[in-house]
Amino acid sequence: MKGIVADMRFSVLKALGYFADGLWTGWGGRPRIEARQRRNLRRLVKKARSASPLFRRLYADLPPSSEINLADLPVTRKPDLMREFNDWLTIRSLPLDRAREHLRDFENVGVPIDDVAVFQTSGTSGEPAIIVLPSSFVEYYYGIMMARFERYHWRLIREVRRLGVRVTITGGNGHFAGNGFNKLMQRLNPALAKGLGLTFVEAEQPIERLIRTLNAIPNVAWIVTYPSMLTILAREKENGRLRIEPALFSTGGETLTNDLRKRVTEAFPSLKYGIADFYGCTECLALAFTCSHGRKHVNEDWVILEAVDEKMQSVPDGTLSATVLLTVLANEVQPFIRYDLGDCVRYFQDACPCGSPFHSFEVEGRQATLVRVGEVTLSPLVFELEHENAQRVQLVQTGETEFEVRVQAAEAASAEIVFEEVIASVKRVFAENRLENVAVRASRDPLEFTPSGKFHEILPLQSSDARKVT
């Protein structure tokens, strides 16, 4: 914490203001939601134009802020914004060099710089982004999420707390939102931080040690982690090595497939409240909420999430998007306006049975996870990499037609058998898709995790390139 002056403050009163406003907006239905969104957008554009040199240039030829519409605004992308970081922010007290110096020291995780918090993304789809959050965004996060709770959610939280402890399995190091946000709240408001749960288990550790750690924690009632970690927990439970009986799993950060949900539910009959799958990102932690019927709803009064095609044109509800554009109306310090997030989503055409007036959607995954070989694009779901004699298997694309398999064998198991059978399985997938000239070889290189602790079974070529960026 060298040289850091932590002036950031959290106002419970302001958080309650977001809560009340969120309730009022929701009760007004679509007309009130759209009116609030339009006012917030124009306020954000006005602030960006006046205080961000980058947006002043981008919006120089656009209509007045009081008349601006979303379609008038250009699309923005992470690499371009990061190159212009010093001109991007609406404050001049946090140049890029100062932010990077802060992020280099792990003792600074959760420590504000002056009156803002600083995190970074894991960089799995390109260069890591540095995310700057003012206290007003933290207040928004708490207020708006409480406003979107149904009675079901309050009952669930009370019941799960009564049953035992909450455990978060995430990256053990780094300035990522997974554990950094909790540490920030410990400083700003310890009472609220308690409600988030402070028992952390490092995702990157060997699986045998991770399972021993979980088994040693009494009364594990709620686990928060990535879907890829759920795969491991389900397998360990099926094999009898994991003894915990949680009532609830919460996931985020990756795509939760229906097959994985079914497998986890069968492996853990104790899951009284099932799996709550949340959608958000470091750029906007409170992007959406999950209702009692399991649908994801956009917080549209403070967030705009546009489903668009390859030409950045809106797609109809019911159509899978090529990407989504994110506009965060609650962060005036670091404007994210029509920001290309890279996710593929589909908005539902029908109203949600929960009765919420906020639009609901489903997430299909990220473009960054797709495997491309020549003109053929494959979903990572077509590869079957699980093996009874391996704790983890990873397929890494090292060239357009070159792949390598990496293995973490189970105790007393032969890695050679795993390599042979997994490589044969991968080659069958390529042959079924008429890809005959693809090389797949065994590699003794260590498995790779993202800096935030996620483990991806498939690392496509673009992700391989991205891992070299520092």
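Here is the figure for region 421-441: residues that are open to solvent by 50 Å² or more (accessible area, probe 1.4 Å) and either at pLDDT 90 or above or assigned to a strand (DSSP E or B) (or both) total 3.
If you check Arg83 against the conditions, is it open to solvent by 10 Å² or more (accessible area, probe 1.4 Å), at pLDDT below 95 and closer than 27 Å to Asp343 by Cβ? Taking the combined requirement at face value, the residue satisfies it. For beta carbons closer than 6 Å, sequence separation of 6+ or different chains, a first residue in region 303-317 that is over 27 Å from Gly22 (Cα atoms) and a second that is surrounded by 14 or more Cβ atoms within 10 Å (Cβ to Cβ) and of a type outside the set (A, V, I, L, M), the qualifying pairs are Val315/Ser321. For region 185-222, a residue qualifies if it is open to solvent by less than 50 Å² (accessible area, probe 1.4 Å), at pLDDT 85 or above and under 30 Å from Asp114 (Cβ atoms), and exactly one does: Leu188.
Every condition in (1) free of Cβ contacts under 8 Å to residues at least 40 places away in the same chain; (2) open to solvent by less than 60 Å² (accessible area, probe 1.4 Å); (3) in contact with an Asp or Glu (Cβ under 9 Å, 6 or more places away or on another chain); (4) of a type in the set (Lys, Arg) is met by Arg57 except one, and the failing one is (2). Taken over region 339-366, residues that are part of a loop (DSSP other than H, G, I, E, B) and aromatic (Phe, Trp, Tyr) amount to 2. Determine whether Ile207 is within 27 Å of Trp154 (Cβ to Cβ), touching a residue at least 40 places away in the same chain (Cβ under 8 Å) and among the aliphatic types (A, V, I, L, M). No: the conditions fail for Ile207. Within region 61-80, being within 27 Å of Arg38 (Cβ to Cβ), open to solvent by 40 Å² or more (accessible area, probe 1.4 Å), free of Cβ contacts under 8 Å to residues at least 60 places away in the same chain and not acidic (Asp, Glu) holds for Leu62, Pro63, Pro64, Ser66, Asn69, Ala71. Residues in region 99-125 that are surrounded by 14 or more Cβ atoms within 10 Å (Cβ to Cβ) and without any contact (Cβ under 8 Å) to a residue 60 or more places away in the chain: 3 in all. Residues in region 1-13: is at least one buried (at least 19 other Cβ atoms within 10 Å of the Cβ), touching an Asp or Glu at 6+ places or on another chain (Cβ under 7 Å) and assigned to a helix (DSSP H, G or I)? Checked region 1-13: no residue is buried (at least 19 other Cβ atoms within 10 Å of the Cβ), touching an Asp or Glu at 6+ places or on another chain (Cβ under 7 Å) and assigned to a helix (DSSP H, G or I).
The values are calculated or read from the model by the stated rules, or taken from the named source; none is laboratory data. Bear in mind the structure is a predicted one, so any value in this text is a computation, not a measurement. Positions of Cβ are generated from backbone atoms using ideal geometry, with glycine treated the same way; all protein chains shown enter the neighbour counts. All accessible areas refer to the heavy atoms of the entire protein, side chains included, with ligands and DNA or RNA removed. Shrake-Rupley method; radii C 1.70, N 1.55, O 1.52, S 1.80 Å.
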